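Data block below; observations after.
The values are calculated or read from the model by the stated rules, or taken from the named source; none is laboratory data. As the structure is a prediction and not an experimental result, all values here were calculated from the model. Note: ideal-geometry Cβ built from the backbone for every residue, glycine included; neighbour counts use all protein chains shown. Accessible surface is based on the protein model in full, side chains and every heavy atom, while ligands, DNA and RNA are left aside. Shrake-Rupley method; radii C 1.70, N 1.55, O 1.52, S 1.80 Å.
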Amino acid sequence: MNATSPAAVDHPGRVVLLTTSHRVAPGLLSWPAWQTLRAADRVLCADGAHPQLPYLREAGLAVEETSPTAEELVAACAGGGTVVVVATSEGEPALTDGLARLAGSGRVAMPELELLPASYDLPGARLLDLVQVMDRIRAECPWSSQQTHKGLAKYGIEESYELVEAIEAGDRDELREELGDVLLQVVFHARIAEEDPDSPFSVDDVAGTIVAKLIHRHPHVFGDETATTPEEVKAHWLRTKAIEKQRESVTDGVPLGQPGLALAAKLSSRVRTAGLEVPLPAGEGIGYELLALAARAEAEGVDPEATLRAAARAYRDAIRATEGVAG
């Protein structure tokens, strides 16, 4: 039998707090995590229903369902042992606070403390949380459970306008919040769509559709075509879109319910892009004058809606200044 060296006996050991993400499938752990788990003297977990436990045990690890105190954990590491604590979804605040108190006391030889993330959230992982929250709200909220696509339509318009306002104001905090509100409308409508008895679809179907569309319309990114300028990219987009839609007129797909200046500019853009020579309709009145101004703005690369909003904000500020209202 090999003798244990004095250095090993005196070594305070090592505590590894293993964290996992509930947004990653259980069992999909990093290689350093698996190495640490297999080399550990003990593996502990306070939550007997932890989603990782079946996979750890299937891999041959003996996981003890226990919630040690800080003192017990330090004692378990004495002599150079390594103890891995598989953290619960709330973390281990009581344990980490206890270890911090022991370390601060200066009376205990503390083991090495290591935080080891065993799985990481991928970009977009919080979208899974949003889908789960929306599922619960749809099922349990008296108001949300009764909403329909038509009933929510006005909110989609309002949130889009508020997003534009945040962009034009240059307010980063407001921009982040308004993007979330617009995203909520997408997830809410997709959740309602799941319940349709005839043609249901989910948020995954929505995402899958736009992913397929983006890949198809960007052959210079995902295919063999090339594009080195924004103009070439736009040409690719319009060409693939025309093949997809098989429209009879360049006006097909233009929503007539949008604000008037935006509608006029969109029609003018479609005409110009298609290379058509379509004279503006002759008529008297402010409407025809506005149409001509919108077409001129679009031809000059100016968004008539945005410029009118900017002018309107200046007018609002002038009104408030006349009233003596600050800001």
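Condition first: surrounded by fewer than 12 Cβ atoms within 10 Å (Cβ to Cβ) and part of a helix (DSSP H, G or I). Now tell me which residues in the stretch 162-179 satisfy that.
Narrowing the stretch 162-179 to residues surrounded by fewer than 12 Cβ atoms within 10 Å (Cβ to Cβ): 169-170, 172-173, 176.
If the condition is that a residue be surrounded by fewer than 12 Cβ atoms within 10 Å (Cβ to Cβ) and part of a helix (DSSP H, G or I), then Ala169, Arg172, Asp173, Arg176 are the ones that fit.
Within the stretch 218-232, how many residues are exposed (fewer than 11 other Cβ atoms within 10 Å of the Cβ), of a type in the set (Asp, Glu) and assigned to a loop (DSSP other than H, G, I, E, B)? Walk me through it before giving the result.
Our first condition is that a residue be exposed (fewer than 11 other Cβ atoms within 10 Å of the Cβ); within the stretch 218-232, this holds for 224, 226, 228-231.
If we keep only those that are of a type in the set (Asp, Glu) as well, we get 224, 231.
Cutting the leftovers down to assigned to a loop (DSSP other than H, G, I, E, B) gives us 224.
The total comes to 1.
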Considering every residue within the stretch 85-93, establish whether at least one is farther than 20 Å from Gly13 by Cβ and assigned to a helix (DSSP H, G or I). yes
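When you look at Leu127, is it surrounded by 11 or more Cβ atoms within 10 Å (Cβ to Cβ) and touching a helix residue (DSSP H, G or I) at 6+ places or on another chain (Cβ under 6 Å), yes or no?
Values: surrounded by 11 or more Cβ atoms within 10 Å (Cβ to Cβ): yes; touching a helix residue (DSSP H, G or I) at 6+ places or on another chain (Cβ under 6 Å): no.
Spelling it out, it is not the case that Leu127 is surrounded by 11 or more Cβ atoms within 10 Å (Cβ to Cβ) and touching a helix residue (DSSP H, G or I) at 6+ places or on another chain (Cβ under 6 Å).
Residue check: is Ile215 open to solvent by 50 Å² or more (accessible area, probe 1.4 Å), farther than 26 Å from Ala153 by Cα, assigned to a helix (DSSP H, G or I) and not acidic (Asp, Glu)?
Details: open to solvent by 50 Å² or more (accessible area, probe 1.4 Å): yes; farther than 26 Å from Ala153 by Cα: yes; assigned to a helix (DSSP H, G or I): yes; not acidic (Asp, Glu): yes.
Taking the combined requirement at face value, the residue satisfies it.
Quick one: how many residues across the stretch 242-251 are under 11 Å from Thr273 (Cβ atoms) and in a helix (DSSP H, G or I)? Before the answer, list the steps.
Quick first cut of the stretch 242-251, residues under 11 Å from Thr273 (Cβ atoms) only: 242, 250.
Next, from what is left, pick out any that are in a helix (DSSP H, G or I): 242.
Qualifying residue count for the region: 1.
Going through Ser160, Ser89, Ser145 one at a time, which residue ends up being in contact (Cβ under 8 Å) with a residue 12 or more places away in the chain, closer than 30 Å to Ala25 by Cα and not acidic (Asp, Glu)?
On the way: Ser160 fails: closer than 30 Å to Ala25 by Cα; Ser145 fails: in contact (Cβ under 8 Å) with a residue 12 or more places away in the chain.
Just one listed residue meets the conditions, Ser89.
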Looking only at the stretch 233-261, which residues are open to solvent by 80 Å² or more (accessible area, probe 1.4 Å) and charged (D, E, K, R)? Lys234, Arg239, Lys245, Arg247, Glu248
